[in-house]
Amino acid sequence: MSKQSICERERSQLEKMNKFQLGNRFKKIGFTIAIATFILMIGRKFVENSEWVRPILHGILLIGLLMISLSKEKLEDEFIDSLRAQSYRLAFVLAIVYSLVQPIINYAVASLLNQDDELQGFSYFQVLFFMLIVQLLFFWQLKRMNR
């Protein structure tokens with residue numbers, strides 16, 4: 001096999017991954033999953049010894065949000081694709097800023113309240129949830145502004 005054909009195959013695989021989207025009907029499924037999981041997360045607060053369910057619900061909520069994020073619009077064109085790319089870029093940058101700033105803010109607030117709190121990070125769930133929510137909100141806002 002030549003070097004060129006290996007590179008071409010890798011390029012075509014990357015292009016397929018870059019263009020991957022779920023059908024529009026998955027948006028409704030994602031919303032249903034996310035809303036139902038959110039309700040279950042609230043309900044879990046009233047059940048004793050249910051801490052083991054929490055990571056499962058977090059994962060399911062992230063899957064629902066990801067389905068919404070990856071679902072096509074009814075009318076999917078190059079402009080919508082551009083707005084989607086912008087929203088992913090903004091969400092990525094803001095998630096990094098959030099990840100860097102939030103532990104410092106938590107530490108400063110704890111210091112002001114005279115609590116012995118050390119500088120702590122946060123869970124993968126918080127970062128991924130923040131990133132998906134920000135991406136969806138930016139996408140919807142950009143779409144609304146450019147109608």
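Only residues that are free of Cβ contacts under 8 Å to residues at least 24 places away in the same chain and closer than 26 Å to residue 59 by Cα: list them for region 15-24, please. Once the filter is applied, which keeps residues that are free of Cβ contacts under 8 Å to residues at least 24 places away in the same chain and closer than 26 Å to residue 59 by Cα, region 15-24 yields 16, 17, 18, 19. Scoring residue 59 on the criteria (1) among the small types (Gly, Ala, Ser); (2) more than 29 Å from residue 18 (Cα to Cα); (3) exposed (fewer than 15 other Cβ atoms within 10 Å of the Cβ) leaves a single failure, condition (2). Evaluating residue 32 against the criteria (1) of a type in the set (S, T, N, Q); (2) modelled with pLDDT of 95 or more; (3) exposed (fewer than 10 other Cβ atoms within 10 Å of the Cβ) leaves one unmet condition, (3). When restricted to residues that are touching a helix residue (DSSP H, G or I) at 6+ places or on another chain (Cβ under 9 Å) and either assigned by TED's automatic domain parsing to the domain that holds residue 59 or at pLDDT 80 or above (or both), region 97-122 contains 3. Scanning region 64-85 for residues that are part of a helix (DSSP H, G or I) and surrounded by 13 or more Cβ atoms within 10 Å (Cβ to Cβ) gives 64, 65, 66, 67, 68, 69, 70, 80, 81, 83, 84. Of everything in region 52-101, what is within 14 Å of residue 130 (Cα to Cα) and aromatic (Phe, Trp, Tyr)? Give them in sequence order. Scanning region 52-101 gives 88, 92, 98.
The residues on offer are 66, 83, and the sole one that is touching a residue at least 12 places away in the same chain (Cβ under 8 Å), in contact with a helix residue (DSSP H, G or I) (Cβ under 6 Å, 6 or more places away or on another chain) and not small (Gly, Ala, Ser) is 83.
When only residues in region 1-28 that are farther than 30 Å from residue 64 by Cβ and in a loop (DSSP other than H, G, I, E, B) count, which is modelled with the lowest pLDDT? So that I can check it myself, show each step before the final result.
Going through region 1-28, the residues farther than 30 Å from residue 64 by Cβ turn out to be 1-12.
Keeping just the survivors that are in a loop (DSSP other than H, G, I, E, B) gives 1-2.
Working: 1: 57, 2: 61.
Restricting to residues being farther than 30 Å from residue 64 by Cβ and in a loop (DSSP other than H, G, I, E, B), the top hit is 1.
Residue check: residue 52 meets all listed conditions (1) of a type outside the set (S, T, N, Q); (2) modelled with pLDDT of 85 or more; (3) under 22 Å from the mean Cα position of the chain (by Cα) but one, namely (3).
Suppose we keep only residues that are free of Cβ contacts under 8 Å to residues at least 12 places away in the same chain and assigned to a helix (DSSP H, G or I) within region 37-52. Which one would you say is farthest from residue 126 (Cα to Cα)? Please lay out each step first, then the result.
Residues of region 37-52 free of Cβ contacts under 8 Å to residues at least 12 places away in the same chain: 39, 42-43, 45-52.
Those left that are additionally assigned to a helix (DSSP H, G or I): 39, 42-43, 51-52.
Values: 39: 18, 42: 17, 43: 20, 51: 17, 52: 17 Å.
My answer is 43.
The values are calculated or read from the model by the stated rules, or taken from the named source; none is laboratory data. Everything numeric in this text was worked out from a predicted model, so none of it was measured. Quick reminder, even Gly has a Cβ in these numbers, built from the backbone with ideal geometry, and neighbours come from all protein chains shown.
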